[in-house]
Amino acid sequence: MHRLQIKTCTLENNEKLEGNALMKTAAGKYCLGVESTADDFGVGISTFEGDIIANASSGYIPEEGGIHPREAARHHSEVADKVLQEALTKAEIKPRDLNIIAFSQGPGLGPCLRTGATVARALASYLNIPLVGVNHSIAHIEIGKLKTGTKDPVTLYVSGGNTIVTAYAYGRYRIFGETLDIALGNCLDVFAREAGLKHKKGMPLGAALEQLAAEGRKLIPLPYVVKGMDLSLSGLLTAATTSLHKYESRLEDLCYSLQENAFSMVTEVTERALAHTEKREILLTGGVAANKRLQSMLTIISEEHDARFSVVPKEFATDNGAMIAWTGVLAYKCGMVIPVEESFVKLRWRIEKVDVPWVK
Amino acid sequence: MKLIKKGAEASLYLTKWHDRKVIMKVRLPKKYRPPELDERIRTYRTAHEPQLMHEAKMAGVPTPIIFLVDMNKATITMEYVEGQQVKKLIDTLSMDEGKKLCEKIGGLIGNLHQHGVIHGDLTTSNMILTRKGKIFLVDFGLGEKNTELEAKGVDLHLMKRALQSTHYEIAEECFRSVLFGYSSVVGNEKTREVMEKIREIEQRGRYVAERQEKA
């Protein structure tokens, strides 16, 4: 059956491109990245060689409930200038020193994405430098590879909005497993809120849940739903919440059981992707990556399959501007620049739809 | 005993049993899961798989013969089916041959669904084409008995997803042929219903472009 053309990009055509663009000095070439897909507004600066010289951010913490998109967007617009200034100060450069602006074009919450995009467009227009639209999920993988020295991993990306097992094949990052409904972080957060856990300074809800789970002893039977390469978490959340409101068991045991079930499910699909693709590395990223129990499960499967396991450092695993800046550099080097008038945000931009010609 | 496949869920060994070539499918304990949960999952799957394979046979879908089920060791001994994995075969075929094969697969899925059997893991690596041209379906470990439209929709949606990640170039053509074959068994009306369901299931996922277009 027929084969499609695969897009690739080599270093030679970068040089040509850079010759045409506005390059002031060969030594300092900088990309500024704006991240605003959900509750975090971040600005990062990367050199063209991949040195992250600034990574500033400000998180929106809802007074109650989950993220309200409009409220989060309002927060982003209020802190944008401050975060931008913080990044530039940290990097010790002036706006005029920047060579390209990258922004998180999707997927994510509409109002939040649009706020970040507006900031990025304004900067690119004012400074008259190229604008690059970056896929948020791909940025997570690329910064993970950069920071851990991983080359060609099976990536498990787990956060409040995403649960994806992905690996590179034939020009793109392909999805080898994903949630059929809600994301892992979402599942844990909602349960934590139902259980009355509160956001504390510097401690996300997931971390509070993890602490309680560590005190759990008894495994309460809850749904375990793996369907082929995919998994479903909504039934698990419903069952755990129902049990919670019936006061049937200790909260610690419930947290423990919820985590064990959910993490076993994502580990099973990750192992499956690893066996299927026969890759030799596992990369764990996203907000839930910080969870020690999840890390230990993945360590076990990587040992069994003779694979190297890496966790992206927290600063770069949660949403951040640096990952957008670095992926912006990669995309720019392959000529993936977009005109401001075509830079609309893409709320549901699937990772499988994006060419990644810089990956070999 | 020769290990022929170390999957995520089970290991397959090729061995002899009463002078027959057989496959031993062993679900080894998974150390990452708590033991209670692990045992629950492995026993459940070991018990269900042979039952579903039997049901599939009743529906006219070729599956390996079961010889032995050992619940304590979570091991199933079954017939070794000689043939080619559809996963490896499909890319070597011409467009026409590929479409025919996919139609045939669709027909088998139609047979399963008509008899209330959900395979649960319809990937091309779970399909074996024998020299006589029969397609065997294997690996029913994630399957279930279910006659609901929802279950059928998820089953086919997963087939589509598996095609997209492994046979990206031909996924769309192939899936169209699968549905065509499916409709020749269950009829156009039911196929339309299940296609509508698949669309609904896809839109439950978070990042699906179709949902945006519709909104």
If we keep only residues of region B:60-80 that are touching a helix residue (DSSP H, G or I) at 6+ places or on another chain (Cβ under 8 Å) and among the polar types (S, T, N, Q), then the residue nearest to B:Ile109 (Cα to Cα) is B:Thr63
For region A:222-255, which positions are closer than 17 Å to A:Cys187 by Cα and in a loop (DSSP other than H, G, I, E, B)? A:Leu222, A:Pro223, A:Tyr224, A:Val225, A:Ser232, A:Leu233
Going by the structure shown, is A:Ala87 touching a residue at least 12 places away in the same chain (Cβ under 8 Å) and closer than 21 Å to A:Met229 by Cβ? no
Does A:Ala207 satisfy the criteria of being more than 17 Å from the chain's Cα centre (by Cα) and farther than 27 Å from A:Lys314 by Cα? no
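Results for (1) touching a His at 6+ places or on another chain (Cβ under 9 Å); (2) at the interface with another protein chain (Cβ under 9 Å from one of its Cβ atoms), shown as yes or no for each residue.
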site: A:Thr155; (1), (2): yes, no
site: A:Tyr173; (1), (2): no, no
site: A:Thr179; (1), (2): no, yes
site: A:Cys187; (1), (2): no, no
site: A:Gly206; (1), (2): no, no
site: A:Leu209; (1), (2): no, no
When region B:103-130 is checked residue by residue, the ones that are more than 10 Å from chain A (Cβ to nearest Cβ), under 25 Å from B:Lys5 (Cα atoms) and at pLDDT 95 or above are B:Ile105, B:Leu108, B:Ile109, B:Met127, B:Ile128, B:Leu129, B:Thr130
Region A:322-347, residues that are in a helix (DSSP H, G or I), of a type in the set (A, V, I, L, M, F, W, C) and surrounded by fewer than 16 Cβ atoms within 10 Å (Cβ to Cβ): A:Val340
Given the residues B:Lys6, B:Lys88, which is the only one that is under 18 Å from the mean Cα position of the chain (by Cα) and outside the structural domain of B:Ile128 (by TED's automatic domain parsing)? B:Lys6
Failed item, numbered, when A:Asn261 is tested on (1) closer than 21 Å to B:Pro35 by Cβ; (2) more than 14 Å from chain B (Cβ to nearest Cβ): (2)
Against the definition (outside the structural domain of A:Gly286 (by TED's automatic domain parsing), within 24 Å of A:Val340 (Cβ to Cβ), out of contact with any His (no Cβ under 9 Å at 6 or more places or on another chain) and not basic (Lys, Arg)), how does A:Gly110 come out, yes or no? yes
Please indicate, with yes or no, whether at least one residue in region B:27-44 is part of a strand (DSSP E or B) and either surrounded by fewer than 18 Cβ atoms within 10 Å (Cβ to Cβ) or not assigned by TED's automatic domain parsing to the domain that holds B:Leu108 (or both). no
Take A:Val356 and tell me if it is at pLDDT 95 or above, in contact with a helix residue (DSSP H, G or I) (Cβ under 8 Å, 6 or more places away or on another chain) and outside any helix (DSSP H, G or I). yes
Would you tally the residues in region A:133-160 being outside any strand (DSSP E or B) and in contact with a Leu (Cβ under 8 Å, 6 or more places away or on another chain)? 8
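The values are calculated or read from the model by the stated rules, or taken from the named source; none is laboratory data. This structure is a prediction, so every number in the text was calculated from the model and none was measured. For neighbour counting, all protein chains shown are included, and Cβ atoms are generated from backbone atoms with ideal geometry for every residue, glycine included.
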